[in-house]
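Engineer: Take this structure first; my questions come after.
The values are calculated or read from the model by the stated rules, or taken from the named source; none is laboratory data. Everything numeric here is computed off the predicted structure, so don't read it as measured data. No Cβ is skipped: glycine too gets one built from the backbone with ideal geometry, and neighbour counts run over all protein chains shown.
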Amino acid sequence: MENLSEKIAQNYRQISEQVEIARLKHRNPLDKVKIVVVSKRKPMEVIQAAIACGIHDFGENYPEEAAEKISHFSGQKLTWHMIGHIQSRKAPLVASNFQLVHSIDTFRIADKLSQNCKQFHVDLPVLLECNMSGEESKFGISAYQRESWEQVVAQVAEIATLKQIKLVGLMTMPPWSEDPEASRPYFALLRELKDHLNLQLPGLNLSELSMGTSTDYLAGVKEGATLLRIGTAILGSRVY
Ligand SMILES: *Cc1c(COP(=O)(O)O)cnc(C)c1O
């Protein structure tokens, strides 16, 4: 336990330092970059150890697994991020447990989530997941071709009418690569899409960009990420 906590603290410190150096070099001085520690498939002891290191933002992919953890740690002041694909029937669990959803990928799920938020009397900030590569295996609204952005604007305008959820930014997951720099064009395109949406839809004011994981978080920082989703590089590899 002692060792686990030390290891996590060391990883977190190292990554935070690298992120800060890249932020100072590539970003505006006042830009904020938050590390969300992805704890999916990690047991309570690991999360406990992470909390002991001063970590309070956690990312989870599976609503049932997350709900158990969230209730277990309900005495602590933590922020829980939903980063996985949401099935319609799991929307109530998401609405009642999380503080930020990164993975809205259709109007349909946004609408369902908004209805559930109304039931639970909560307002939920959300990000739209965008597919910036065209890979068929990826979730997200298809936005990899600029020619499709007019449709994206229309979809976003529709989601923005929903009362109980508030669209605050975009998220993407680039194709897997060994080279972190390979992610940069996808991240840059997501940032451009955010700017485009803000121009086309006054009043929208998207501010968040969730991009970068264990392999490419520095690429994320360089291209304007405000949220990094880092699992294995901080908590160690996951056992399935
Ligand atoms: C699992 C997951 C992560 C974290 O991945 P690591 O490689 O462990 O950093 C980030 N984002 C999403 C959407 C994930 O599913």
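Engineer: Taking the range 223-240 as the search range and keeping residues that are away from the ligand (no atom under 11 Å from the Cβ) and closer than 28 Å to residue 166 by Cα, which one is farthest from the chain's Cα centre (by Cα)? If you could, list the steps in order and put the result at the bottom.
Structural biologist: Filtering the range 223-240 for residues away from the ligand (no atom under 11 Å from the Cβ) gives 223-226, 239-240.
Among the residues that remain, those that are also closer than 28 Å to residue 166 by Cα are: 223-226.
Working: 223: 15, 224: 14, 225: 10, 226: 9 Å.
Checking each candidate, the answer is 223.
Engineer: Might you check whether a residue that is within 16 Å of residue 144 (Cβ to Cβ), in contact (Cβ under 8 Å) with a residue 60 or more places away in the chain and either in contact with a strand residue (DSSP E or B) (Cβ under 8 Å, 6 or more places away or on another chain) or not small (Gly, Ala, Ser) (or both) occurs anywhere in the range 184-194?
Structural biologist: yes
Engineer: In the list 35, 86, 8, which residue meets the criterion of being crowded, with 16+ Cβ neighbours inside 10 Å, under 23 Å from residue 184 (Cβ atoms) and modelled with pLDDT of 95 or more?
Structural biologist: On the way: 86 fails: under 23 Å from residue 184 (Cβ atoms); 8 fails: under 23 Å from residue 184 (Cβ atoms).
Answer to the selection: 35.
Engineer: Also, I was wondering about something else. On the given criteria, is residue 62 among the aromatic types (Phe, Trp, Tyr), surrounded by 13 or more Cβ atoms within 10 Å (Cβ to Cβ) and within 22 Å of residue 169 (Cα to Cα)?
Structural biologist: Values: among the aromatic types (Phe, Trp, Tyr): yes; surrounded by 13 or more Cβ atoms within 10 Å (Cβ to Cβ): yes; within 22 Å of residue 169 (Cα to Cα): yes.
Against the criterion (among the aromatic types (Phe, Trp, Tyr), surrounded by 13 or more Cβ atoms within 10 Å (Cβ to Cβ) and within 22 Å of residue 169 (Cα to Cα)), residue 62 qualifies.
Engineer: Check the range 101-123 and report whether any residue there is touching a Lys or Arg at 6+ places or on another chain (Cβ under 7 Å), more than 14 Å from the ligand (Cβ to nearest atom) and under 28 Å from residue 175 (Cα atoms).
Structural biologist: No, the range 101-123 contains no residue that is touching a Lys or Arg at 6+ places or on another chain (Cβ under 7 Å), more than 14 Å from the ligand (Cβ to nearest atom) and under 28 Å from residue 175 (Cα atoms).
Engineer: Identify the residue in the range 133-165 that is of a type in the set (Val, Ile, Thr) and part of a helix (DSSP H, G or I) and, among all such residues, is surrounded by the fewest Cβ atoms within 10 Å (Cβ to Cβ).
Structural biologist: Taking the range 133-165 and keeping what is of a type in the set (Val, Ile, Thr), we get 141, 152-153, 156, 159, 161, 165.
Still in the list and also part of a helix (DSSP H, G or I): 152-153, 156, 159.
Numbers: 152: 21, 153: 17, 156: 25, 159: 21.
Within the range 133-165, the match that is surrounded by the fewest Cβ atoms within 10 Å (Cβ to Cβ) is 153.
Engineer: Among what's in the range 15-61 and is of a type in the set (D, E, K, R) and part of a strand (DSSP E or B), pick the residue that is farthest from residue 221 (Cα to Cα). Show your work before the answer.
Structural biologist: The initial filter retains those residues of the range 15-61 that are of a type in the set (D, E, K, R), namely 17, 20, 23, 25, 27, 31-32, 34, 40-42, 45, 57, 60.
Keeping just the survivors that are part of a strand (DSSP E or B) gives 34, 57, 60.
On the way: 34: 10, 57: 18, 60: 21 Å.
Residue satisfying both the conditions and the ranking: 60.
Engineer: Let me ask another. Somewhere in the range 18-30, is a residue surrounded by 15 or more Cβ atoms within 10 Å (Cβ to Cβ) and within 16 Å of the ligand (Cβ to nearest atom)?
Structural biologist: Pass one, the range 18-30, residues surrounded by 15 or more Cβ atoms within 10 Å (Cβ to Cβ): 19, 22-23, 27.
Next cut, within 16 Å of the ligand (Cβ to nearest atom) only: 19.
The answer is yes; a qualifying residue exists.
Engineer: Between a residue in the range 213-229 that is under 18 Å from residue 56 (Cα atoms) and any residue that is among the acidic types (Asp, Glu), which pairs come within a Cβ distance under 9 Å, given they are 6 or more apart or on different chains?
Structural biologist: 226/31; 226/208; 227/57; 227/208
Engineer: Quickly run through the range 45-95 and pick out the residues that are within 16 Å of the ligand (Cβ to nearest atom), among the aliphatic types (A, V, I, L, M) and out of contact with any Asp or Glu (no Cβ under 6 Å at 6 or more places or on another chain).
Structural biologist: Scanning the range 45-95 gives 46, 47, 50, 55, 82, 83, 86, 94.
Engineer: With a cut-off of at least 1 residues that are within 19 Å of residue 19 (Cα to Cα) and touching a Gly at 6+ places or on another chain (Cβ under 7 Å), name the helices (runs of 4 or more DSSP H) lying wholly within the range 166-240. Walk me through it before giving the result.
Structural biologist: Numbers: elements: 184-200, 217-222, 232-235.
The helices (runs of 4 or more DSSP H) meeting that bar are 184-200, 217-222.
Engineer: Which of the residues that make up the range 195-222 are more than 16 Å from the ligand (Cβ to nearest atom), under 16 Å from the mean Cα position of the chain (by Cα) and crowded, with 18+ Cβ neighbours inside 10 Å? I'd like the intermediate steps shown before the answer.
Structural biologist: Just the residues of the range 195-222 that are more than 16 Å from the ligand (Cβ to nearest atom), to begin with: 195-207, 222.
Of the ones still in play, those that are also under 16 Å from the mean Cα position of the chain (by Cα) are 206-207.
206, the sole residue that qualifies.
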